[in-house]
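**Student:** There's a structure below that I have some questions on.
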Amino acid sequence: MKLKKLIPILCLFGISIFTIIQFFIIIIPFRLAPVQSDVIIVLGARLYGDKPSPMLQYRLEKTLTLYNEGFADTIIVSGARGDDELITEALAMKIYLMNNGVPESAILEEDHSYSTYENLSYSNAIMKEKDLKSAIIVSNSFHMSRALMIAKRLDMSASGAAAKNYPNIFLTTKYYIREVFACVKDFMLTI
């Protein structure tokens, strides 16, 4: 087959795969229902110095709602310290949750992870160490499909709870597009 004929076919194939993955990224959060679990895992996101970014704050607000409604008695806060961050994401989340009424004894810190895969892999190790069998994963809706895919690959018993996205439509669109490529990368990583 000539190269000129192959290029449009490959482009069409790539666009089709992109569209299918994007469909699942968009639709899965609408089908999520958190299930009573042993632990809530809140995935880290950017800090501004030592304060949660709006995206992380939405995740923490969702975590507080689940905790206060009795979905789990324990919370794992997961995230290391980025180059421009003053403290670990885990510590910033712990402080935020404690300032909003969660006792320190209910919070476990995982502060070594720099990716979603590491967030869940290291949190899964903590769960095994503490004999916690099931989890609710909390992240923003654009991130939930990938987080649940990774959890499944790690044989975690997990449901999901999607926090709202940042209200800036351009930034949110960027995250949804980026997530397609991140899903492919993490799928390959966890084969």
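Any read-out appearing in this document is the output of simple, stated calculations on the displayed coordinates, not a laboratory observation. Note that this is a predicted model, so its numbers are computed, not measured. Don't worry about glycine lacking a Cβ; one is built from the backbone with ideal geometry, like all the others, and counts go over all protein chains shown.
**Student:** What helices does the chain have that are whole DSSP H segments, at least 24 Å long along their own axis by Cα, and with mean Kyte-Doolittle hydropathy of 0.0 or more?
**Tutor:** Values: long enough: 3-27 (36 Å, 2.18); 169-189 (29 Å, 0.78).
Correct list, ordered by number: 3-27, 169-189.
**Student:** A follow-up question, please. Do you know the relative contact order of region 29-189, to the nearest whole percent, from alpha carbon pairs under 8 angstrom that are 6+ apart? Write out the running numbers ahead of the final one.
**Tutor:** Numbers: 297 pairs, mean separation 44.4, N = 161.
Over region 29-189, the number comes to 28 percent.
**Student:** How big is the dipole moment of the chain about its Cα centre under a simple scheme where the beta carbon of each Lys and Arg is +1, that of each Asp and Glu is -1, and everything else is neutral? Debye, nearest 20, please.
**Tutor:** On the way: 20 positive and 19 negative charges, 258 e Å.
Magnitude of the dipole: close to 1240 debye.
**Student:** Report the far tail of the P(r) of the chain, meaning the percent of Cα-Cα pairs longer than 25 Å.
**Tutor:** Distances greater than 25 Å cover 35 percent of the Cα pairs.
**Student:** In the Gaussian network model of the chain, springs joining C-alpha atoms below 10 Å, which of I150, I15, I27 carries the largest mean-square fluctuation?
**Tutor:** Between I150, I15, I27, it is I15 that shows the largest mean-square fluctuation.
**Student:** Test of understanding: what is the full-extension gain from T65 to E104, defined as 0.36 nm times their sequence separation minus their Cα-Cα distance? Each step should come with its number before you reach the end.
**Tutor:** Working: separation 39, 0.36 × 39 = 14.04 nm, distance 1.68 nm.
Working it through step by step, the gained length comes to 12.4 nm.
**Student:** Using a simple spin-label model with points 7 Å from Cα along the Cα→Cβ vector, what separation in nm is obtained for D131 and V35?
**Tutor:** Going from the D131 label point to the V35 one covers 2.2 nm.
**Student:** Amide H neighbours of I75 under 5 Å, at least 5 residues apart or on other chains, H built in the peptide plane: list them.
**Tutor:** Answer set, sorted by chain and number: I40, I107, L108.
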